[in-house]
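The values are calculated or read from the model by the stated rules, or taken from the named source; none is laboratory data. Since this is a predicted model, take the numbers as computed values, not measurements. Here the Cβ positions follow ideal geometry from the backbone for every residue, glycine too, while neighbour counts run over all protein chains shown.
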Amino acid sequence: MKTINKTLKSTKRKSHPFWKWFWLTFLVVSLAYAWYSFYVPSNHIKWDNNITSTQKLINDFDKNTILFFTAEWCVPCKIMKREVFADKEVERAVNSQFTPVMIDIDNPNTKEIVNHYKIGATPTTIIVDSKGKVLDYAVGKIEKKKFLEMLNIVEPNK
């Protein structure tokens with residue numbers, strides 16, 4: 001019995017100080033990344049989020065419309081909101097030429113419009129005319145430059 005206790009005591013060693021610093025650093029970096037992933041600054045785009053059907057979309061707007069399909073859990077959506085929609089140039093272009101609509105795909109009231117446009121992934125950005133016809137779209141996170149190109153290609157409704 002004494003030899004077993006002696007063996008157990010001899011195998012138990014203190015960890016090297018490097019590992020304490022490694023795990024502490026890992027924890028801090030992980031928390032910082034998690035905060036960055038979910039942080040979304042406010043922007044001044046006048047989003048309409050009350051559109052629940054295609055018919056309402058067609059009847060309510062006389063300008064081209066940007067449909068941004070998102071979800072609360074969608075990290076790429078949050079990154080896009082932070083890096084694209086918070087930009088002043090994007091805010092000016094969207095507010096002056098388009099009607100922006102943000103649609104939460106998890107909201108049961110938006111099921112009709114999500115099914116109509118066959119949304120299978122978030123973020124999805126669709127530009128439609130006043131009749132609901134798709135003019136341009138992008139699936140997945142897009143950069144500011146690509147988003148501005150989408151806006152410039154589509155001519156505003158007169």
Exercise. Got at least one residue in segment 58-79 being over 30 Å from Tyr33 (Cβ atoms), free of Cβ contacts under 8 Å to residues at least 60 places away in the same chain, assigned to a helix (DSSP H, G or I) and over 15 Å from the mean Cα position of the chain (by Cα)?
Worked result: yes
For this session: Give me the pairs, please: first residue somewhere in segment 109-131 and closer than 16 Å to Trp73 by Cα, second residue anywhere and hydroxyl-bearing (Ser, Thr, Tyr), beta-carbon distance under 9 Å, and either six or more positions apart or on two chains.
Result: Thr122/Thr70; Pro123/Thr70; Thr124/Thr70; Thr124/Tyr117; Thr124/Tyr137
Problem set entry | Conditions (1) surrounded by 15 or more Cβ atoms within 10 Å (Cβ to Cβ); (2) in contact with a Ser or Thr (Cβ under 8 Å, 6 or more places away or on another chain): number failed by Asn109 | (1)
Exercise. Looking at (1) within 22 Å of Val154 (Cα to Cα); (2) in a helix (DSSP H, G or I), can you tell me which one Thr125 breaks?
Worked result: (2)
Exercise. Taking the stated definitions as given, is Leu31 at pLDDT below 85, over 18 Å from Ile142 (Cβ atoms) and of a type in the set (A, V, I, L, M, F, W, C)?
Worked result: no
Exercise. When only residues in segment 113-148 that are among the acidic types (Asp, Glu) and surrounded by 14 or more Cβ atoms within 10 Å (Cβ to Cβ) count, which is modelled with the lowest pLDDT?
Worked result: Asp129
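Each row is one residue, and each column tells you yes or no for (1) assigned by TED's automatic domain parsing to the domain that holds Lys141; (2) small (Gly, Ala, Ser); (3) over 22 Å from Ile127 (Cβ atoms); (4) surrounded by 17 or more Cβ atoms within 10 Å (Cβ to Cβ).
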{"position": "Trp23", "(1), (2), (3), (4)": "no, no, yes, no"}
{"position": "Ser30", "(1), (2), (3), (4)": "no, yes, yes, no"}
{"position": "Lys46", "(1), (2), (3), (4)": "no, no, no, no"}
{"position": "Asn59", "(1), (2), (3), (4)": "yes, no, no, no"}
{"position": "Asn64", "(1), (2), (3), (4)": "yes, no, no, yes"}
{"position": "Phe69", "(1), (2), (3), (4)": "yes, no, no, yes"}
{"position": "Lys81", "(1), (2), (3), (4)": "yes, no, no, yes"}
{"position": "Val84", "(1), (2), (3), (4)": "yes, no, no, yes"}
{"position": "Val90", "(1), (2), (3), (4)": "yes, no, no, yes"}
For this session: Please go through segment 94-113 and pick out each residue that is farther than 16 Å from Asp136 by Cα and either of a type in the set (Asp, Glu) or part of a helix (DSSP H, G or I) (or both).
Result: Asn95, Ser96, Asp104, Asp106, Pro108, Asn109, Thr110, Lys111, Glu112, Ile113
For this session: Mind listing just one residue for me: the one in segment 34-44 that is surrounded by fewer than 10 Cβ atoms within 10 Å (Cβ to Cβ) and of a type outside the set (Phe, Trp, Tyr) and, of those, modelled with the lowest pLDDT?
Result: Pro41
Exercise. Any idea which residue in segment 95-112 is modelled with the highest pLDDT, counting only those that are of a type in the set (Val, Ile, Thr) and more than 18 Å from Lys63 (Cα to Cα)?
Worked result: Ile105
For this session: Please work out which residue is nearest to the chain's Cα centre (by Cα), limiting yourself to segment 132-150 and to residues that are outside any helix (DSSP H, G or I) and in contact (Cβ under 8 Å) with a residue 40 or more places away in the chain.
Result: Lys141
